[in-house]
Amino acid sequence: MKRFLLLLAAMAAVYCQQFGDNPNTGTQYNRDDPYNRDQNPYNRDNNSNNRDNQYGNTPYGNNRDQYGNNQYGNNNSQRYDNNNNRDRYNNNNNNYDPNKRYNNDNQYNRDNNTYNFSSGNNNYNQQYGNNNPQYNNRQLDNNNNNRQYDNNNQYNNNNNNDRYNTNNDRFNTNSDRNFEEQYGNNRQFGNNDNTECCEEYCYTDDREPYIFFASKTSYEALDKRSGFQHNIPDCTPVQMWSLNRHGTRLPGRRTIEALRKLQQIQQEIVKNHEERRSYPDKGRLCPKDYDLLKRWRWNDTIREDRASDLTSEGVNELKMLARRYKAKFPQVLQEQYNERSYYFQYTDTDRTHDSYQAYIDGLFNQESYRVHGTSFPDDRLLKAFDTCRAYKEQVKYNPRTYEQHRLFTERPEYRELVSNVFKRLGFRYTLNASIVDDMYDMCRFEKAWNVLKPSPWCSAFNKNQLKLLEYAEDLISYYEAGYGNEINQKVGCGPLKDMYERFQKTVDGYGDGNKATFLFTHSDTIAATLSAMGIAKDPQPLRADNYYQQTRRMWKQSNILPYASNLVAVLYQCRSNSYKVMFYLNEQPVEFPECQVGLCNWDVVKQKYQYTVDNCNMGFCDYNSAPKPSSPLLAFTISAIVCLLFNRAW
């Protein structure tokens, strides 16, 4: 027995010697300055010619990876792009240079309007390139060694990563039974052997198509007519605070890889209509929709090195937004810039920096080069989701967060949606549901790039199907950043506290001269801030089984979190030196039960948010998460047990 215990003790000694020290104590932030306001590590130089002045006078940034991070590789802010937390398509291979940017001399592509935003005509021959050498037959020749993306391997013939099964002739025009073998006669969504599909619908002829696509909705789709509700009798605006999402962007890298492969699906749709004649008798694509989809071409200027970059439409959204607010509040937004009156901060991504640059262009025009903005690598004000360990463990990497979304995709109405989409396109059997996600993504990205021009891939869906897909996206957002998880409200208290403290200083007469604060961030930060403030809260939580009861829900990303979404608070000084606040969400007044037509007395605001502000401490991110088992802890436990037994034996 003693020999056995001595052996255990020796083993424990080895463990202690090897794992005794645990240097992973973690880096704590400054509790007195959680947002790092008092530090300026980037040496903002006023010299407009200083190329290192990345936050000063160089507009739109120049290939900045100023923090040594892979900005696009681990960008956790793209939670609704399905590129980070949930690798839905199993595309974990990524060989692209994350720091390679597009043309810096023409970053907004003003000379070559990629998406033809300014064109009012509907000439799709021009848009999709039937007469453009970029898409001619020579470039589509699979034997062309100069092809940009494939070199005879365009669709990745690795069977483990071949979503579209391009190694096999899955449609096998000589034997359609082989198609049944590959996808199964009794697959999850069944076969499409009937002659009827769904309702007759022609997307091209629809004068009012459905243009609400959750977080990928164009800001132009919203009604921004607020009238004169910003004019308050006997009151003058004295301070403004604004939380802004970046404008319309390109897809993420993995999404670009997936969307490019829709060319293969398009080819099969053409075969379904012109060779196999496998389209349904009812619910098929109308001739105009089929012609639109047939002439679609992938835009080869959308490349992985431009992933998630701001588009020219995104630039316009932010620039015009700034001009509208300037017209409404000239007392606050002065013509001339001075650093004491204005504060600008954005996250360490190119799309938020470019959105900030477009915004100040709208505010100050030619004087925008004088404006200074600030960004921090570990930004707990604007990117708390990325820096909060407790959030990652309890929400982001917790499968329960996405349980309602999974259950919704298994419901009969959603299964029928998937089946009918493939029937409508002429497929005899239902393919992988992820292909429907790709078609939906292509539809909503193209509509965001130009809300007035029809997207060929939107023709695959009718209005009811688009509403189902929109609700599926809302379920993800609700639990990932909204009211579905209580911790989201704790993460979202930071921006609320920032606004509250700035206004409180002005009301108390201890202001530092700040008149306007502009923060540029991502959709999840705005979502969490809305939940912390109690905005867009539904009486019943969003679930997989109450879709039809939630058709008029408040938590609808298309309305509250589109591209360029913005939450604005304006402080008014009124007669008798009283103060009032008006909140605007996407330029519409926010209604609170305690306030009159959206106008709140400052005392009401204090009563409503004082507790949240006083208890807003991001320290829970580091200390409130359960520690993971580690080798040192295991070694210590074994050593303690061995020593205890050894002492008792003696």
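A short reminder: the numbers here are calculations on the coordinates, not readings from a lab. This one's a predicted model, so the numbers in the text were calculated from it and none came from an experiment. Cβ: placed from backbone, ideal geometry, glycine included. Neighbour counts: every protein chain shown.
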Most exposed to least, judged by fewest other Cβ atoms within 10 Å, TRP298, TRP449 sort to TRP298, TRP449
Looking only at lysines whose Cα falls under 26 Å of LYS261's and that sit 8 or more positions away or on another chain, we get LYS100, LYS216, LYS271, LYS288, LYS294, LYS423, LYS447, LYS453, LYS463, LYS467
Averaged over all directions, how much area does the convex hull of the C-alpha atoms of region 359-442 cover when projected, in nm²?
10.3
So what is the relative contact order of region 503-626, in percent, for Cα pairs below 8 Å that sit 6 or more residues apart?
15
Which parts of region 510-526 would a label at THR236 reach, counting a residue when its backbone N lies under 12 Å from a point 7 Å out along Cα-to-Cβ?
none
Relative contact order (percent, whole number), region 327-378, Cα cutoff 8 Å, 6+ residue spacing:
47
Cross-link candidates for LYS580: which lysines have Cα within less than 16 Å, leaving aside residues fewer than 8 places away along the same chain?
LYS505, LYS515, LYS606, LYS608
At a 10 Å Cβ-Cβ cut-off, how would you order HIS246, HIS230, HIS353, HIS405, fewest neighbours first?
HIS230, HIS405, HIS353, HIS246
Using 0.36 nm per residue of separation minus the Cα-Cα distance, give me the extension gain between ASN514 and GLU416 in nm, one decimal.
29.8 nm
What are the ³J(HN,Hα) values, in whole Hz, obtained from phi via the Karplus relation 6.51 cos²θ - 1.76 cosθ + 1.60 with θ = phi - 60°, for each residue of region 484-495 in sequence order, with x given for Gly and Pro?
x, 10, 4, 5, 4, 5, 5, 5, x, 6, x, x
Amide N of region 347-390 lying under 16 Å from the label point, which is placed 7 angstrom from the Cα of LYS505 along Cα→Cβ:
374
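When a footprinting reagent is the concern and you count Cβ atoms within 10 Å, what order do ARG295, ARG254, ARG552 take, fewest first?
Values: ARG295 16, ARG254 23, ARG552 7.
Sorted ascending by nearby Cβ count, the order is ARG552, ARG295, ARG254.
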Suppose the chain between ASN398 and ARG323 were pulled fully straight at 0.36 nm per residue; how much longer would it get relative to their current alpha carbon spacing?
22.8 nm
At 7 Å along the Cα-to-beta-carbon direction for both GLU367 and GLN610, put a label point, then send me their distance in nm to one decimal.
4.0
